[in-house]
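*Asks:* Can you keep this structure in mind? I'll have questions shortly.
No value in this document is a laboratory result; all are computed from the given coordinates. Computed from a predicted model, the values in this text were never measured in an experiment. All Cβ positions, glycine included, derive from the backbone under ideal geometry; neighbour counts span all protein chains shown.
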Amino acid sequence: MTGKTIKLSDEQIDELGRELDAIKQRLIDDLGQEDRDYIYRVVKAQRALEVTGRASLMLSALPPFWLAGVAALSLSKILDNMEIGHNVMHGQYDWMRDPAMNSKRFEWDTACPSDQWRHSHNYMHHTFTNILDKDRDIGYGILRMDESQKWNPYYLGNPVYAFLLMTFFQYGVALHDLESENLITGKRKMSENKELWAGIWRKVGKQTLKDYVLFPALTGPQFLTTLSANATANLVRNIWAYSIIFCGHFPSGVATFTEEETENESRGAWYVRQMMGSANITGSKLFHVMSGNLSHQIEHHLFPDIPARRYPQISGEVKALCEKYNLPYNTGRFSKQIGSTWAKIFRLAVPFGPRGGTDTPTADTVEPKQVAVAA
């Protein structure tokens, strides 16, 4: 890694860990009716938007109703995936003991089976955040998103692959757990993916039947216009989800780590890695809700199983801790974060030119190294 080095003593790292543990415990102790009411309101709004969208598409041959249907369905799918599905499946609402809000039982409106997502995201990504060759979210197996990834001519297509991933993001996420790059290199056998493929085909089949056959058929003579509206709503959701997620992980200033650097990582050092390997996006309250509060990606990586609505409440404290320990608190407007992310995608497509990420902090002094599993 290149750039400014973060120097913390073992005692500082341990103290930071204790301070963050205290914040988490305070949040856990305070969970209650307000959190319950909040998630139920979001679910109610999501369902109302879906009903409104489906009803509008009964008259989708008329452009105003087509646009209204697309807008309502797009918002419904975004809420379902971001503020409800993503957060519920993190276990943020398991304490409610409501089967509909249970992380192990929830299924969302997207192509990726929830059980596969919980493995690739909750376990792999949140345990090994930004560790090269461990966190497969770095490039999703198809992109070069870090200079430490060895360049080869395939990466000349980096911007094209990124555009396709953005456009078909729900399918990219669905295929993520197959580890296609390991299949190509021979590290993984096709026979190991039989159950995964079966789950993907079942879920993709259900989603395709719902969005492109059943609901269009229910609108009768508006079949084709409804089908196009559903496809557009899925596209809007894909672009939005991709953009928010990439803004939280890949803009300028986000650090990556090696397995050697994180060996025997302490809990405090795990917290440091989450802070240095994430980025936030500034915006309005509505913007945060529509992003599933992943606009507070730093706080989410610190406390992935705490209700996301709580992240804005603690962001000031987390930022103050970063200042106290001379750690970066990477935040900025959406335009700034997405701009630097796409600039990185284009820059890393080639093996030459000015090295990017020179402002990226490194953590080569973040020791001792005791691996702490994701909180």
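*Asks:* Would you mind computing, in nm to one decimal, how far apart the modelled labels at R41 and K104 are, each placed 7 Å from Cα along Cα→Cβ?
*Replies:* 3.1 nm
*Asks:* On to the next question. Counting other beta carbons within 10 Å of each Cβ, put D133, D98 in order, fewest first. Can you show the working numbers first?
*Replies:* Values: D133 11, D98 14.
Fewest-to-most ranking of D133, D98: D133, D98.
*Asks:* If you don't mind, there's one more thing I want to ask. Starting from the Cα gyration tensor of region 1-85, take the square roots of the eigenvalues, sort them a ≥ b ≥ c, and report rounded, prolate or oblate (rounded when a/c is under 1.5, otherwise prolate if a/b is larger than b/c, else oblate).
*Replies:* Numbers: a/c = 7.88, a/b = 2.17, b/c = 3.64.
Verdict is oblate for region 1-85.
*Asks:* Just how far, in whole angstrom, is region 208-280 from region 142-183 if you go by their alpha carbon centroids?
*Replies:* Here the two parts' Cα centres lie 14 Å apart.
*Asks:* Next question, about the same structure. Run the quick spin-label model on K150 and Y123: label points 7 Å from Cα toward the beta carbon, then report their separation in nm to one decimal.
*Replies:* That separation, rounded to one decimal, is 2.8 nm.
*Asks:* Pick from A48, A229, A162: which residue has the top mean-square fluctuation in a GNM of the chain where Cα pairs under 10 Å get a spring?
*Replies:* A48
*Asks:* Another question, then. So for the chain, taking the charge dipole from beta-carbon charges (+1 Lys/Arg, -1 Asp/Glu), which of T256, H119, S291 sits furthest toward the positive end?
*Replies:* In the chain, that residue is S291.
*Asks:* Express in nm, to one decimal, how much length is gained between E259 and D94 on full extension, taking 0.36 nm for each residue of separation and deducting their alpha carbon distance. Display every interim value, and only then the final one.
*Replies:* Working: separation 165, 0.36 × 165 = 59.40 nm, distance 3.19 nm.
Gain on stretching E259 to D94: 56.2 nm.
*Asks:* Here's another thing I want to ask about it. I'd like the FRET efficiency for E317 and A343, computed as 1/(1 + (r/R0)^6) with the beta carbon distance as r and R0 of 35 Å, rounded to 0.05.
*Replies:* On the way: r = 31 Å, r/R0 = 0.89.
So the FRET efficiency works out to roughly 0.65.
*Asks:* Once the piece of chain linking E34 and L214 is laid out straight, how much longer is it, given 0.36 nm per residue of separation minus the C-alpha distance between them? Mind dumping the intermediate values first?
*Replies:* On the way: separation 180, 0.36 × 180 = 64.80 nm, distance 3.71 nm.
Between E34 and L214, full extension yields 61.1 nm more.
*Asks:* Quick one: which residues, 5 or more positions from G332 or on another chain, have an amide H under 5 Å from its amide H? H modelled 1.01 Å from N in the peptide plane, none for Pro or chain starts.
*Replies:* Close amide H contacts, sequence-distant or interchain: N280, I281, T282.
*Asks:* Using a Gaussian network model of the chain with C-alpha springs under 10 Å, which one of W197, W342, W270 is most mobile by mean-square fluctuation?
*Replies:* Maximum fluctuation in the GNM of the chain, among the listed residues, is at W197.
*Asks:* Quote the FRET efficiency, to the nearest 0.05, computed for K134 versus S180 with a Förster distance R0 of 25 Å and r equal to the Cβ-Cβ distance.
*Replies:* Values: r = 17 Å, r/R0 = 0.67.
With R0 = 25 Å, the Cβ-Cβ based efficiency is 0.90.
*Asks:* Taking a ≥ b ≥ c as the square roots of the Cα gyration tensor eigenvalues, with a/c under 1.5 meaning rounded and otherwise prolate when a/b beats b/c, else oblate, which class fits the chain? All intermediate terms of the calculation are to be shown ahead of the outcome.
*Replies:* Working: a/c = 1.79, a/b = 1.38, b/c = 1.30.
Note, shape of the chain comes out prolate.
*Asks:* What are the DSSP H helices in the chain that stretch 15 Å or more along their long axis, judged by alpha-carbon atoms, and whose average Kyte-Doolittle hydropathy comes to at least 0.0? Intermediate values should be presented prior to the final figure.
*Replies:* Values: long enough: 10-30 (30 Å, -1.03); 33-56 (34 Å, -0.88); 63-78 (22 Å, 1.14); 194-209 (22 Å, -0.53); 223-249 (39 Å, 0.74); 311-324 (19 Å, -0.40); 334-347 (19 Å, -0.21).
Taking the DSSP H segments of the chain (at least 15 Å long, mean hydropathy at least 0.0), we get 63-78, 223-249.
*Asks:* A follow-up question, please. In debye to the nearest 20, how big a dipole does region 10-347 give about its Cα centre with +1 on each Lys and Arg Cβ and -1 on each Asp and Glu Cβ?
*Replies:* Numbers: 37 positive and 39 negative charges, 288 e Å.
Computed about the Cα centre, the dipole is about 1380 debye.
*Asks:* Let me ask something else. Among A343, P216, L327, flag the residue with its Cα farthest along the positive direction of the charge dipole of the chain, charges on Cβ as +1 for Lys/Arg and -1 for Asp/Glu.
*Replies:* Selected residue: P216.
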